[in-house]
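First up is the structure itself, then whatever we jot down about it.
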Amino acid sequence: MAHLRRFYSEDVVLGGKIALDPVQSNHLKNVLRLKPGAKVEVFNSHNESFLAEVSGISAGGGVELKILSLATPKNPALQTHQSEFPSITLACAIAKGSRMDWLIEKAAEIGLNRLIPVITERTVAKPNFYSQNKIARWHKLALSAARQTGQNSILVIDNPIPFSRLESVISGFSLSLIAVPKADKYLPEALEKSNLSAKDRILYLIGPEGDFTPKEIANAMKWGIQPVRLPVNSILRVETAAITMLAMLLYERVKMKDKR
C-alpha cells in the first residue's frame with residue numbers, strides 16, 4: 001500500500017464502483033498514465049482508506065474505480081494515537097496573497113483539524129465573503145495535502161468570518177487561546193494546567209500583520225480566550241506564527257498522552 005497512488009471520494013462502498021472527478025481522472029490517466037487493472041488507494045474524510053482497481057477509462061477521459069477492500073493503515077499505532085488526541089482548530093487572520101495558500105498547505109500536512117479564516121481590523125487581505133473561487137482553492141490545497149501525506153482525514157475550512165463572530169464560536173471548545181507577544185503566560189504553561197482529554201477541542205487564534213488591536217484582545221479575554229505567548233524572541237509573520245503554534249500544540253498533546 002505504501003507506493004499506491006491516492007485518490008479521494010466520499011461515495012465509497014465496499015464492492016461498489018466510484019467515478020473520479022475530472023481533475024483526478026485527468027491526473028490518473030494523463031499524468032500517472034495508469035491503465036485498467038492498476039491498483040490505487042481511495043480515501044474519504046472519515047479516516048478510512050480502501051484498496052481499489054481502475055476498472056474503466058471512458059473515451060471522454062472519465063475514470064471508474066472498483067472498491068476491493070479496506071486498506072491496512074500505514075501506521076496503525078499512529079492512527080490509534082491520533083484518535084486519542086484533542087482536535088485542534090485555528091482561527092487565523094487571512095494572510096496576504098500566496099501566504100495564505102502556504103499556511104493552509106502546511107497546516108493540513110502536519111495535522112490541523114479545522115481552519116476558521118478571520119477578518120480582523122488590521123487584516124490586509126479582505127476577500128468577499130462569497131469569493132467561492134478562493135475558498136475552493138483552499139479546499140483543493142487541503143485535499144492535496146491529505147492525499148500526499150497519507151492522511152485519511154481532510155482539513156475542514158470554514159467560510160471567512162469577522163472577528164466579532166468568534167464570540168459565538170468559542171463555546172464549542174474546551175480550551176481557547178490567543179497568541180499575544182507580551183502575554184504573561186507561555187503556551188506550555190497554559191496547556192499544562194488544562195487537563196485536556198481526547199474528547200476536548202482546542203481553539204487558537206493568530207492575528208494579522210500588526211497583530212490584534214487592543215480592543216480585539218480585550219474582547220477575546222472577555223469571551224474566555226486565554227492570552228499566551230510563544231517562546232521566541234522575534235515578531236513572526238502570520239503564517240509562521242500559525243505553524244509554529246500548531247507544531248507546539250501537537251507536541252504538547254503528545255506529552256499529554258504520555259502522562260496518562
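The values are calculated or read from the model by the stated rules, or taken from the named source; none is laboratory data. Everything numeric in this text was worked out from a predicted model, so none of it was measured. Don't worry about glycine lacking a Cβ; one is built from the backbone with ideal geometry, like all the others, and counts go over all protein chains shown. Surface accessibility is based on the protein's heavy atoms, side chains included, excluding ligands, DNA and RNA. Shrake-Rupley method; radii C 1.70, N 1.55, O 1.52, S 1.80 Å.
Being among the aliphatic types (A, V, I, L, M) and open to solvent by less than 50 Å² (accessible area, probe 1.4 Å) is a description that does not apply to I235. In this structure, does I170 turn out to be part of a helix (DSSP H, G or I), more than 19 Å from T244 (Cα to Cα) and more than 24 Å from the chain's Cα centre (by Cα)? For I170, the condition - part of a helix (DSSP H, G or I), more than 19 Å from T244 (Cα to Cα) and more than 24 Å from the chain's Cα centre (by Cα) - is not met.
Looking only at residues of segment 10-20 that are under 21 Å from G60 (Cβ atoms) and modelled with pLDDT of 90 or more, we find that the one that is nearest to the chain's Cα centre (by Cα) is L20.
Restricting A218, A241 to residues that are exposed (fewer than 15 other Cβ atoms within 10 Å of the Cβ), among the hydrophobic types (A, V, I, L, M, F, W, C) and not in a loop (DSSP other than H, G, I, E, B) narrows the list to A218. Looking at this structure, is V254 surrounded by fewer than 18 Cβ atoms within 10 Å (Cβ to Cβ), assigned to a helix (DSSP H, G or I) and modelled with pLDDT under 90? So V254 passes the test. Evaluation of G224 against the conditions (1) surrounded by 15 or more Cβ atoms within 10 Å (Cβ to Cβ); (2) touching a strand residue (DSSP E or B) at 6+ places or on another chain (Cβ under 8 Å) shows that the sole unmet condition is (1). For segment 204-211, the criterion of being buried (at least 16 other Cβ atoms within 10 Å of the Cβ), touching a Cys at 6+ places or on another chain (Cβ under 8 Å) and either of a type in the set (S, T, N, Q) or not in a helix (DSSP H, G or I) (or both) is met by at least one residue.
Answer yes if at least one residue in segment 176-184 is closer than 19 Å to Q226 by Cβ, assigned to a helix (DSSP H, G or I) and at pLDDT below 90, and no otherwise. No, the conditions are met nowhere in segment 176-184.
Cβ separations smaller than 9 Å between residues 6+ apart or across chains give the following pairs from segment 55-80 residues that are open to solvent by 80 Å² or more (accessible area, probe 1.4 Å) to residues that are modelled with pLDDT under 90 and among the acidic types (D, E): L70/E48.
Counting only residues that are among the small types (G, A, S) and either open to solvent by less than 20 Å² (accessible area, probe 1.4 Å) or modelled with pLDDT under 90 (or both), segment 21-43 holds 1 of them. For beta carbons closer than 9 Å, sequence separation of 6+ or different chains, a first residue in segment 151-171 that is under 22 Å from A136 (Cα atoms) and open to solvent by less than 80 Å² (accessible area, probe 1.4 Å) and a second that is among the basic types (K, R) and part of a loop (DSSP other than H, G, I, E, B), the qualifying pairs are P160/K126. Selection within segment 122-150: residues that are in a loop (DSSP other than H, G, I, E, B) and of a type in the set (F, W, Y). The member of this set that is surrounded by the fewest Cβ atoms within 10 Å (Cβ to Cβ) is Y130. Among the residues here, K182 does not qualify as charged (D, E, K, R), free of Cβ contacts under 8 Å to residues at least 12 places away in the same chain and open to solvent by 50 Å² or more (accessible area, probe 1.4 Å). Checked against (1) of a type in the set (S, T, Y); (2) modelled with pLDDT of 85 or more; (3) over 12 Å from the mean Cα position of the chain (by Cα), S197 passes all but condition (2).
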